[in-house]
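Enquirer: Dumping the structure here so I can ask a few things about it.
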Amino acid sequence: MYQGIYSVLSNIKIAKDVYKMIIGGDTSVITAPGQFINIKLDGFYLRRPISICDYDENTITIIYKVVGQGTEMMSRFEAYHNLDVLVGLGNGYDLSKAGDRPLLIGGGVGVPPLYNLCKKLIEQGAKPAVILGFNSQDEVFFEKSFKKLGADVFITTVDGTYGTKGFVTDAFPLVGKYSYFYTCGPMPMFKAVYAATNTSGQFSFEERMGCGFGACMGCTCKTKYGNKRICKDGPVLEKEEIVW
């Protein structure tokens with residue numbers, strides 16, 4: 001974990017209530033797709049945990065949805081605004097289990113961490129299939145970005161305004177066989193994915209956090225191996241260890 005001052009390079013709206021922010025600074029402590037950062041906001045006691053969408057040697061890309069006062073404040077940040085950020089938090093995804101045809105399943109703001117994961121999987125020779133689930137067409141983002149990487153992309157919308165009507169599991173028949181799965185999204189989606197998948201996989205949990213690095217024990221969840229802290233022992237957990 002590293003704490004530093006990062007500078008906003010860009011901050012643009014990419015879908016309904018959804019923004020893409022690129023910040024500049026040290027990324028050397030980021031070790032795996034699926035890790036997250038924790039942003040300090042003036043006037044708020046708790047930092048805001050945001051998953052890492054992508055990164056390179058000097059920049060971090062995050063995608064966030066405006067859902068409250070904190071994220072609304074973030075949406076107004078302009079270039080050169082400085083942020084106090086904790087970087088390199090969480091355990092991230094394990095790419096070694098992917099096989100040759102991994103399935104990536106993202107719901108809403110659970111989509112972003114799958115982007116760098118997809119990039120890394122393709123770099124190691126895999127051919128991922130990606131299912132992205134949204135409520136409606138105006139919330140869809142990053143479809144073209146995943147396709148540009150070379151992934152097979154399937155979109156679902158609950159109201160049927162774009163792609164396959166329904167939930168992410170309704171696109172499973174379109175994917176065919178897959179070797180392993182990775183997912184990130186809301187809890188109802190997780191339970192549906194857990195029931196529908198026929199291979200092992202990894203779930204990246206979204207959870208409210210106090211500290212973000214395991215000190216406060218405020219984000220624990222039950223597993224077959226006892227309570228685990230989502231921020232420190234997660235956010236990625238294996239399918240076989242989860243207790244719903």
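The values are calculated or read from the model by the stated rules, or taken from the named source; none is laboratory data. As the structure is a prediction and not an experimental result, all values here were calculated from the model. All Cβ positions, even for glycine, are placed from backbone atoms using ideal geometry, and neighbour counts span all protein chains on display.
Enquirer: Name the residues in segment 156-189 that are surrounded by fewer than 18 Cβ atoms within 10 Å (Cβ to Cβ), of a type in the set (A, V, I, L, M, F, W, C) and not in a helix (DSSP H, G or I), would you?
Expert: If the condition is that a residue be surrounded by fewer than 18 Cβ atoms within 10 Å (Cβ to Cβ), of a type in the set (A, V, I, L, M, F, W, C) and not in a helix (DSSP H, G or I), then V158 is the only one that fits.
Enquirer: I would also like to ask the following. It is to be established whether one or more residues within segment 43-64 are without any contact (Cβ under 8 Å) to a residue 24 or more places away in the chain, of a type in the set (A, V, I, L, M, F, W, C) and either under 19 Å from N116 (Cα atoms) or crowded, with 17+ Cβ neighbours inside 10 Å (or both).
Expert: yes
Enquirer: So, of the residues in segment 127-138 that are touching a Phe, Trp or Tyr at 6+ places or on another chain (Cβ under 9 Å) and closer than 16 Å to I105 by Cα, which turns out to be surrounded by the fewest Cβ atoms within 10 Å (Cβ to Cβ)?
Expert: Checking each candidate, the answer is A129.
Enquirer: Turning to a different aspect of this structure: Tell me the residue from T183, T169, T157 that is at pLDDT 95 or above and within 21 Å of L121 (Cβ to Cβ), please.
Expert: That would be T183, the only listed residue that is at pLDDT 95 or above and within 21 Å of L121 (Cβ to Cβ).
Enquirer: Something else about it: Given the residues S75, S28, S51, S7, which is the only one that is under 28 Å from Q202 (Cα atoms) and either among the acidic types (D, E) or more than 13 Å from the chain's Cα centre (by Cα) (or both)?
Expert: S28
Enquirer: Going through segment 1-54 one residue at a time, which ones are assigned to a strand (DSSP E or B) and among the polar types (S, T, N, Q)?
Expert: Q3, S7, S10, N11, N38, S51
Enquirer: For segment 72-84, how many residues are surrounded by 12 or more Cβ atoms within 10 Å (Cβ to Cβ) and either modelled with pLDDT under 95 or part of a loop (DSSP other than H, G, I, E, B) (or both)?
Expert: 2
Enquirer: Kindly list, by first and then second residue, each pair from a residue in segment 13-29 that is more than 14 Å from Q3 (Cβ to Cβ) to a residue that is modelled with pLDDT under 95, limited to pairs with Cβ atoms under 8 Å and residues at least 6 apart or on different chains.
Expert: D17/V67; V18/V109
Enquirer: Please specify each residue of segment 190-222 satisfying the condition of being buried (at least 17 other Cβ atoms within 10 Å of the Cβ) and at pLDDT 95 or above.
Expert: A192, V193, T197, G201, Q202
Enquirer: Search segment 151-170 for residues being in contact with a strand residue (DSSP E or B) (Cβ under 7 Å, 6 or more places away or on another chain) and of a type in the set (S, T, N, Q), and hand back the single one that is farthest from K191 (Cα to Cα).
Expert: T164
Enquirer: Follow-up. Taking N38, is it surrounded by 18 or more Cβ atoms within 10 Å (Cβ to Cβ) and either among the β-branched types (V, I, T) or at negative phi (or both)?
Expert: Considered against the rule, which asks whether it is surrounded by 18 or more Cβ atoms within 10 Å (Cβ to Cβ) and either among the β-branched types (V, I, T) or at negative phi (or both), N38 comes out as yes.
Enquirer: The conditions are (1) touching a Lys or Arg at 6+ places or on another chain (Cβ under 7 Å); (2) without any contact (Cβ under 8 Å) to a residue 40 or more places away in the chain, and L95 fails exactly one of them. Which is it?
Expert: Unmet for L95, out of (1) touching a Lys or Arg at 6+ places or on another chain (Cβ under 7 Å); (2) without any contact (Cβ under 8 Å) to a residue 40 or more places away in the chain: (2).
Enquirer: Another one. Say whether the condition of being basic (K, R), under 21 Å from A196 (Cα atoms), surrounded by fewer than 20 Cβ atoms within 10 Å (Cβ to Cβ) and modelled with pLDDT of 95 or more is met by at least one residue in segment 90-108.
Expert: Within segment 90-108 (the criterion being basic (K, R), under 21 Å from A196 (Cα atoms), surrounded by fewer than 20 Cβ atoms within 10 Å (Cβ to Cβ) and modelled with pLDDT of 95 or more), the answer is yes, since at least one residue qualifies.
Enquirer: Restricting attention to segment 78-88, does a residue exist that is touching a residue at least 12 places away in the same chain (Cβ under 8 Å) and within 19 Å of E139 (Cα to Cα)?
Expert: No.
Enquirer: Only one of these is of a type in the set (S, T, Y) and more than 27 Å from M187 (Cβ to Cβ): S96, S7. Name it.
Expert: The match here is S7.
Enquirer: Here is a list: G43, G25. Which entry is in contact with a Gly (Cβ under 7 Å, 6 or more places away or on another chain) and among the small types (G, A, S)?
Expert: G25
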